[in-house]
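This report refers to the structure that appears directly beneath it.
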Amino acid sequence: MPRLRLGVLISGRGSNLQALVEASADPAYPAEIVSVISDRAEAAGLAIAAAAGITGVAIRHDDRQAFAAEADVLLREQRADLVCLAGFMRVLDTAFVEAWRDRMVNIHPSLLPAFPGLHPHRRALAAGVRFSGCTVHFVRTEVDAGPIIAQAVVPIQPGDDEESLAARILAVEHRLYPLAVRLIAEGRVRVTTGMVEIDGWQAPTITVLNPGGPLAATLGL
Ligand code: GRF
């Protein structure tokens, strides 16, 4: 089976790009990265692409439509099958989003639909939720919205601040994104009526309480 060809859009650090690079280094992984595009020439993620021998290109983002047109040409030249937004911090042109409908995914560090947009960790803490996490979803024109493919739950710990929570969620993002891309590459993911169906979907059976500890244990759950 040919591997699914990924185009990855970044704006900065590129740690999720790195996770996808590492996953695809395994020849058994069903996807490979063929193109990395950044809207910022100084993005650290471009060095990650270069180190992995992947073509990385910076496209200036003076104009939303011009950026999208140039990115589209590059992605088609590289015959990308799937676009992965990995810390891409711009709102994409509507026509581009429609052109890549159900062929473009994003990762966001919250349990969507909670806390889309900026500062999701800060907002989760301010809301006092006991769990946050991360979501991989198909991209629609609304920011951080679209059919959900996969999520991971991360409990809030006493004393958490924005930085500690972001770090714990990020470590989980690096596992969730390659998993979601694998499911798509294996042809197991379908979007029907705005929802995602996954062939052979298995869910974990545990339920976690937070606060946990001995008190939760006495509930016998
Ligand atoms: C990640 O938390 C991702 O979920 C969000 O932006 C951050 C990007 O980090 N969309 P990195 O550039 O992948 O390290």
Can Val97 be described as open to solvent by less than 60 Å² (accessible area, probe 1.4 Å), within 12 Å of the ligand (Cβ to nearest atom) and closer than 29 Å to Leu4 by Cβ? no
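Does Ser132 satisfy the condition of being crowded, with 17+ Cβ neighbours inside 10 Å, under 13 Å from the mean Cα position of the chain (by Cα) and of a type outside the set (Lys, Arg)?
It is false that Ser132 is crowded, with 17+ Cβ neighbours inside 10 Å, under 13 Å from the mean Cα position of the chain (by Cα) and of a type outside the set (Lys, Arg).
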Picked from the range 135-153 (must be under 26 Å from Val91 (Cβ atoms) and among the β-branched types (Val, Ile, Thr)), the residue farthest from the chain's Cα centre (by Cα) is Thr141
- Quick one: is Val143 surrounded by 16 or more Cβ atoms within 10 Å (Cβ to Cβ) and either at negative phi or within 14 Å of the ligand (Cβ to nearest atom) (or both)? no
Within the range 1-46, the residues that are of a type in the set (A, V, I, L, M, F, W, C), within 10 Å of the ligand (Cβ to nearest atom) and buried (at least 20 other Cβ atoms within 10 Å of the Cβ) are Val8, Ile10, Leu17, Ala19, Leu20, Ala43
Filtering the range 180-207 down to residues that are closer than 16 Å to Leu111 by Cβ and either of a type outside the set (A, V, I, L, M) or out of contact with any Pro (no Cβ under 7 Å at 6 or more places or on another chain) (or both) yields Ala180, Ala203, Pro204, Thr207
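The values are calculated or read from the model by the stated rules, or taken from the named source; none is laboratory data. Given the structure is predicted, the values throughout are model-derived calculations rather than measurements. Heads up, the Cβs are rebuilt from the backbone with ideal geometry, glycines too, and the neighbour counts pull from every protein chain shown. Ligands, DNA and RNA are excluded from the accessible area calculation, which covers all protein heavy atoms including side chains. Shrake-Rupley method; radii C 1.70, N 1.55, O 1.52, S 1.80 Å.
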